[in-house]
Amino acid sequence: MRRAASVIATAMLLGAPAAAEESLDELVTAMRLEEVVTILVDEGRRYAASLNTDMLDGDAGSYFFARVDEIYAPDQMVQTMRDTIREELNPAQISEAAVFFSSDLGQTIISLENSARRALSDPAVEEMAQENAKTMDRDSHRFQLIEEYIEVNELVVRNVEGTLSSDFSFFQGMASIQDTGSDDRALLAELFSQREAMESDTREWLHGFLVLAYQPLTDVQMRENIAFSASETGQALNQALFVGFDRVYDRISFELGEAVGFAMQSSDL
């Protein structure tokens with residue numbers, strides 16, 4: 001009898017990691033992380049093109065853009081996010097989050113967010129979205145719900161901190177190639193001097209994005225979304241996503257800085 005109980009217990013222990021990984025697979029699929037990363041890769045390529053124009057006088061060359069494609073490695077980006085979610089959430093939270101995002105509402109939210117993100121790649125659409133958000137009645141129930149969603153998820157402060165971190169990594173990467181050294185304290189001081197303006201710009205962008213993305217949702221659906229975000233699982237997932245994307249973009253930014261530094265060196269030869 002004891003032997004049978006021991007065998008059952010061992011089987012349960014061996015099955016637990018597999019079950020947890022299965023829940024993680026379900027969550028990653030439900031959140032469409034591969035689709036999200038594809039959108040971010042497209043944004044990254046456009047950003048690299050702007051670096052070529054603004055910092056390299058349009059002379060980056062084919063090596064630079066080949067390197068950009070290597071840097072924005074979708075499989076690596078998705079794997080970083082998976083690993084971070086696994087680290088930050090316990091198995092029960094992963095399972096609960098998978099249930100939410102697999103639901104009709106969860107899938108609707110993901111579809112709306114991804115569609116809005118793609119649409120904003122068009123400058124005309126982004127300008128229209130920003131204008132719509134600016135003219136929206138600040139006292140309206142819908143605007144208050146969007147503000148609540150922003151505050152619950154700390155979207156302004158977390159996005160700004162992520163941007164500051166990635167900017168710092170970019171300039172460190174560039175300095176590592178140019179052998180100019182990096183005065184980290186001076187660089188941080190310069191970046192943090194822009195924080196107030198960055199917070200204003202980030203809040204404005206979030207308003208435009210969320211007003212556009214969540215327009216089809218009812219107030220009841222917005223409330224459900226906010227309730228999940230405010231839950232222990234929602235907060236843990238929000239933390240995991242920001243930590244994961246910080247890891248992704250700190251690496252990408254450093255390597256982009258290296259690529260820009262190398263392109264600058266090559267143009268000087």
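Considering only residues that are part of a helix (DSSP H, G or I) and of a type in the set (Gly, Ala, Ser), which ones fall in segment 29-87?
Listed by number, the residues that qualify are ALA30, GLY44, ALA48, ALA49, SER50, GLY61, SER62, ALA66.
Pick from GLY261, GLY234: which is in a helix (DSSP H, G or I), out of contact with any Lys or Arg (no Cβ under 7 Å at 6 or more places or on another chain), modelled with pLDDT under 95 and surrounded by 18 or more Cβ atoms within 10 Å (Cβ to Cβ)? Outline the logic, then answer.
Working: GLY234 fails: modelled with pLDDT under 95.
Of GLY261, GLY234, the one residue that is in a helix (DSSP H, G or I), out of contact with any Lys or Arg (no Cβ under 7 Å at 6 or more places or on another chain), modelled with pLDDT under 95 and surrounded by 18 or more Cβ atoms within 10 Å (Cβ to Cβ) is GLY261.
Considering only residues that are among the small types (Gly, Ala, Ser) and not in a helix (DSSP H, G or I), look in segment 166-224 and name the one that is modelled with the highest pLDDT. Walk me through it before giving the result.
Pass one, segment 166-224, residues among the small types (Gly, Ala, Ser): 166, 169, 173, 175-176, 181-182, 186, 189, 193, 197, 200, 208, 213.
Then keep just the ones that are not in a helix (DSSP H, G or I); that gives 181-182, 193.
Details: GLY181: 63, SER182: 67, SER193: 92.
By that ranking, first place goes to SER193.
Of all residues in segment 132-158, which are touching a residue at least 60 places away in the same chain (Cβ under 8 Å) and not hydrophobic (A, V, I, L, M, F, W, C)?
ASN132, LYS134, HIS141, ARG142, GLU148, TYR149, ASN153, GLU154, ARG158
Can you confirm whether segment 133-147 contains a residue that is surrounded by 14 or more Cβ atoms within 10 Å (Cβ to Cβ), hydrophobic (A, V, I, L, M, F, W, C), modelled with pLDDT under 95 and within 26 Å of GLU196 (Cβ to Cβ)?
yes
So in segment 1-21, with the set limited to residues that are of a type outside the set (A, V, I, L, M, F, W, C) and loosely packed, with under 14 Cβ neighbours inside 10 Å, which one is modelled with the highest pLDDT?
The qualifying residue modelled with the highest pLDDT is PRO17.
For segment 91-115, name all the residues that are under 17 Å from the mean Cα position of the chain (by Cα) and among the polar types (S, T, N, Q).
Matches in segment 91-115: SER111, ASN114, SER115.
Out of curiosity, is GLY173 within 27 Å of VAL68 (Cβ to Cβ) and not acidic (Asp, Glu)?
So GLY173 passes the test.
Taking ALA20, is it out of contact with any Lys or Arg (no Cβ under 6 Å at 6 or more places or on another chain), within 25 Å of ASN114 (Cα to Cα) and among the small types (Gly, Ala, Ser)?
For ALA20, the condition - out of contact with any Lys or Arg (no Cβ under 6 Å at 6 or more places or on another chain), within 25 Å of ASN114 (Cα to Cα) and among the small types (Gly, Ala, Ser) - is not met.
Which residues, taken from segment 116-141, are assigned to a loop (DSSP other than H, G, I, E, B) and more than 21 Å from the chain's Cα centre (by Cα)? Step through it out loud before you land on a result.
Going through segment 116-141, the residues assigned to a loop (DSSP other than H, G, I, E, B) turn out to be 120-122, 136-140.
Selection gives MET136, ASP137, ARG138, ASP139, SER140.
Restricting to segment 220-269, and then to whatever is of a type in the set (Lys, Arg) and more than 12 Å from the chain's Cα centre (by Cα), can you tell me which residue is farthest from VAL36 (Cα to Cα)?
Top of the filtered list is ARG223.
The values are calculated or read from the model by the stated rules, or taken from the named source; none is laboratory data. Every value quoted in this text rests on a predicted model; they were computed, and no experiment measured them. Glycine gets a Cβ as well: all are built from the backbone with ideal geometry, and neighbour counts include every protein chain shown.
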